[in-house]
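The values are calculated or read from the model by the stated rules, or taken from the named source; none is laboratory data. Every value quoted in this text rests on a predicted model; they were computed, and no experiment measured them. When we count neighbours, we look across all protein chains shown, and the Cβ atoms used for this are built from the backbone with ideal geometry, even at glycine. Each accessible area value is taken on the protein alone, full model and side chains, heavy atoms only, with ligands, DNA and RNA left out. Shrake-Rupley method; radii C 1.70, N 1.55, O 1.52, S 1.80 Å.
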Amino acid sequence: MTFSIGVVGAGQFGTQFAHLFNLHPGVNDVYVVDERPERAAEAVERYGLAGVKPAFDDLLASEVDAVAIFTQRWTHGPLVEQALHAGKHVYSAVPMAVSEEEIARIIDAVQDTGLVYMMGETSYYNPATVYAREQHAAGKFGRIFYAEGDYVHDMDLGFYDAYQYSGGERWKETASYPPMLYPTHSIGGVLGAIPAYAVSVSCVGMRDGRNDGVFNKDVSMFGNDFSNATALFELNDGGAMRTNEMRRVGYPSHIRESRFRFFGTEASFEQLAKVTVWQDKQNVHDISEQMETRPSIPLDDPFLANVAPELRDAFVSGLSPVHDAERLPKEFLGAPNGHEGSHHFLVDDFVTAVNEGSLPPVNAWVAARFTLPGIVAHQSAQQNGARLPIRDFGDAPGTSS
């Protein structure tokens, strides 16, 4: 069984995912649409895709079965909702949406249509999260009572180039995107390993001091001047989760931009840029090699010509020893991967869900638990750290955490 898909947004990630969808044996045709038609045409020619659609509305009016949305991060919610109501299965890049109302409408649309929705959260497949999920399932942690997730990516390490590539002349208006409105890498890496969800939060934001027009309230389309934010979440199981979203930080984010820690009553797991350890009450075990990903393509591959050198690691990191490579289609062997080996699994899980009519791991209800806590955390930071409740939309029908 196969289906057709239209990729919306032929930018740096959209084109790579279009290529992977085209390689997957569960997909027959891949179309591309972009506000800059020349980018869409280039992707079609480079990867032998099915063709270009003139606009998003044309794509939705076509016979395409699914869409994959790779547009600017604050635009996802309305586009997802529109696509679902047009009868299309939807893969969406992160974040799911930027408000509780948008999230609620997506969940309603998924329920009303019965279509597949999946949010492409890379941290769900991060080696650290995969390892912690397996250890937790085996009962090795005991009870996890505290966990941490950090997304530490300095603006100087490629983000200026990335925002200029996507934002054009007015890029500074969008480069000020609030850190906690893009929380899914740090939150999803924790909640992707443990069956819990956030019920309240207190967050502190750090106002930026660079004075270069980025994170400037007078310039920002979001009215945002926070470049870093730290949130402490209360979880439903009585535990706690702390996350950092950092855009000004002296840290080698090109080596490991997402990192995690889990503390249980019987064992714990801690990760730094190059070192990862598993600890029990008797000893410390260095498991760094199990977290290491193997490059999928060289850093100077022509495919990466439009990607800032500081960001290229995110586009080439392949599989690690903890990944289940056997479950992936053989067509992916040697294909570009990225974000700690997650891209192949993201595509395969969405394709499998559409073809089998099943729930993907990061379905709409899971995506809400990865996304909404950050939205509320940003509101808390705007209120000087006030502790605020977080709505939970529950589990997907027919499942339970």
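Some observations on this one:
- Inverse of mean 1/r across different Cα pairs in segment 1-146, Kirkwood, Å: 16.4
- For segment 311-401, the direction-averaged projected area of the alpha-carbon convex hull comes to 8.8 nm².
- Straight Cα distances below 21 angstrom link K140 to the lysines K281, with same-chain residues fewer than 8 positions distant left out.
- Rounded FRET efficiency, nearest 0.05, which uses the C-beta distance separating Q282 from S4 and R0 of 45 Å: 0.25
- Take the chain and mark each of the GluC sites (Glu not before Pro) that is in a DSSP loop with at most 13 other Cβ atoms within 10 Å; the longest unmarked stretch, sites excluded, is 64-265.
- In the chain, the DSSP-assigned H stretches of four residues or longer account for a calculated mean residue ellipticity at 222 nm of -9000 deg cm²/dmol, using -39500 (n - 2.57) per stretch and the full residue count as denominator.
- 37 °C / 0.692 mPa s Stokes-Einstein diffusion coefficient of the chain, Kirkwood radius on C-alpha pairs, µm²/s: 154
- Estimated inter-spin distance, A325 and R387, nm [label 7 Å along Cα→Cβ]: 4.8
- Segment 123-171-segment 53-85 distance, computed between alpha-carbon centres (Å): 26
- Segment 354-401, accessible area per residue, ligands and nucleic acids excluded (1.4 Å, Å²): 44
- Of the three principal axes defined by the Cα atoms of segment 55-100, the extents in descending order read 29, 17, 14 Å.
- The value given for segment 242-391 is a Kirkwood hydrodynamic radius of 18.4 Å, derived from the mean inverse Cα-Cα separation.
- 15 Å cut-off, amide nitrogen to a point 7 angstrom out along D237 Cα→Cβ, residues in segment 264-286: 264-269
- Carbon + sulfur, % of accessible area of the chain - ligands and nucleic acids excluded, 1.4 Å: 49
- Over segment 296-339, all Cα pairs binned in 5 Å intervals from 0 give whole-percent P(r) values of 5, 22, 29, 21, 12, 10, 1, listed from short to long.
- Summed over the residues of segment 179-275 and divided among them, the accessible surface reaches 36 Å² per residue at a probe radius of 1.4 Å.
- Separation of the T75 and R36 label points, Cα + 7 Å toward Cβ, nm: 1.2
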